[in-house]
Amino acid sequence: MNQGMITGMNGILIGTAKIRGIEGYSLLGETSGYTIDPNSSRAVLESLSKILKMEINLEKLIDKINESNELMSQVEGMKSKTEGIEYSNKDNSSQYIS
């Protein structure tokens with residue numbers, strides 16, 4: 001990687017390996033960081049499969065990808081139904097459910 005940074009546990013592991021003189025590799029997938037992204041997992045596993053010259057069964061992951069895509073479509077549908085609706089808090093009070 002020529003630019004950017006690796007954060008979290010991924011960064012700690014690869015950084016500690018470098019400090020201790022241990023050769024290490026990190027195979028990462030790009031995500032938005034806001035939602036679970038099984039497509040990123042699939043891309044990483046497909047790359048790993050090529051690197052190792054080994055077949056990896058992705059059937060269950062593909063099922064999860066399809067489920068995730070369906071869920072995201074439903075969320076987008078709900079979002080479009082609420083577009084243009086204005087919400088107001090006329091008395092400026094906080095609204096909490098307790």
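Based on the alpha-carbon gyration tensor of segment 1-81, what equivalent-ellipsoid semi-axes (square roots of 5 times the eigenvalues) come out, in whole Å, largest first?
Values: eigenvalues 192, 70, 15 Å².
Taking √(5λ) for each Cα gyration eigenvalue gives 31, 19, 9 Å.
Could you tell me what % of all Cα pairs in segment 36-80 have separations over 14 Å? Display every interim value, and only then the final one.
Details: 558 of 990 pairs.
The answer is 56 percent, as a whole percent.
Give the peptides 47-54, 11-18 in descending order of average Cβ contacts within 10 Å, highest first.
11-18, 47-54
Under a point spin-label approximation (7 Å from Cα along Cα-to-Cβ), what is the Ala17-Ser41 distance to one decimal in nm?
Going from the Ala17 label point to the Ser41 one covers 2.1 nm.
For Gln74 and Leu48, calculate 0.36 nm times their separation in residues minus their Cα-Cα distance, and state this gained length in nm to one decimal.
6.2 nm
Bear in mind that the values in this text are calculations on the coordinates, not laboratory data. Not measured: the values here are computed from a predicted model. All Cβ positions, even for glycine, are placed from backbone atoms using ideal geometry, and neighbour counts span all protein chains on display.
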